[in-house]
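The values are calculated or read from the model by the stated rules, or taken from the named source; none is laboratory data. Just so you know, these numbers come straight off a predicted model, no measurement behind them. Quick reminder, even Gly has a Cβ in these numbers, built from the backbone with ideal geometry, and neighbours come from all protein chains shown.
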Amino acid sequence: MDLFLNEFFFVFHSLLMVFLLFGWAWRRTRLANLIAILLTFFSWFFLGIWYGYGYCPCTDWHWRVRARLGYQDLPDSYTKFLIDSLTGWNVNQRLVDVLTLILLLLAFGASFYLNFKDWRRKHGARLPL
């Protein structure tokens, strides 16, 4: 079961990250994207008060599975793990954290703006922007 869960989390978490970054691009997924980004920020900054900045339940669960499979020395960041795993590099943790935050903030800005624009269009109001 742990082998399956390891693969599941690898695929699910990776697809979730792609959705967080690009889900705003399609009108049908914009609201879900905005909610997912807000939940991610909630996890990183509110749950992070207790579990550490950038806390992600998916990473926590995946690391527990990998620990049961005998993997050790896992990075704090799933993004670093993903980059290192896919490229064979050993990227700088701080650089990955900063770039991850910047990219998610950009995705949030796009998602918020387009959701607001869609809401205004739906309710017949003209955009002031």
- Which numbered condition trips up TYR55, out of (1) over 15 Å from the mean Cα position of the chain (by Cα); (2) not in a helix (DSSP H, G or I)? (1)
- Task: Report whether or not LEU104 is farther than 27 Å from PHE4 by Cβ and at pLDDT 95 or above.
- Result: yes
- Conditions (1) under 30 Å from LEU114 (Cα atoms); (2) touching a residue at least 24 places away in the same chain (Cβ under 8 Å); (3) exposed (fewer than 12 other Cβ atoms within 10 Å of the Cβ): number failed by GLY52: (1)
- Query: What are the residues in the range 58-79 that are within 15 Å of ASP2 (Cα to Cα) and assigned to a helix (DSSP H, G or I), if any?
  - Reply: CYS58, THR59, ASP60, TRP61, HIS62, TRP63, ARG64, VAL65, ARG66, ALA67, ARG68
- Message: Can you say whether LEU82 is among the aliphatic types (A, V, I, L, M), surrounded by 13 or more Cβ atoms within 10 Å (Cβ to Cβ) and either assigned to a helix (DSSP H, G or I) or modelled with pLDDT of 95 or more (or both), as far as the supplied structure shows?
- Response: yes
- Spot the failing condition for ALA110; the list is (1) at pLDDT below 95; (2) more than 30 Å from LEU3 (Cα to Cα), and only one is missed. (1)
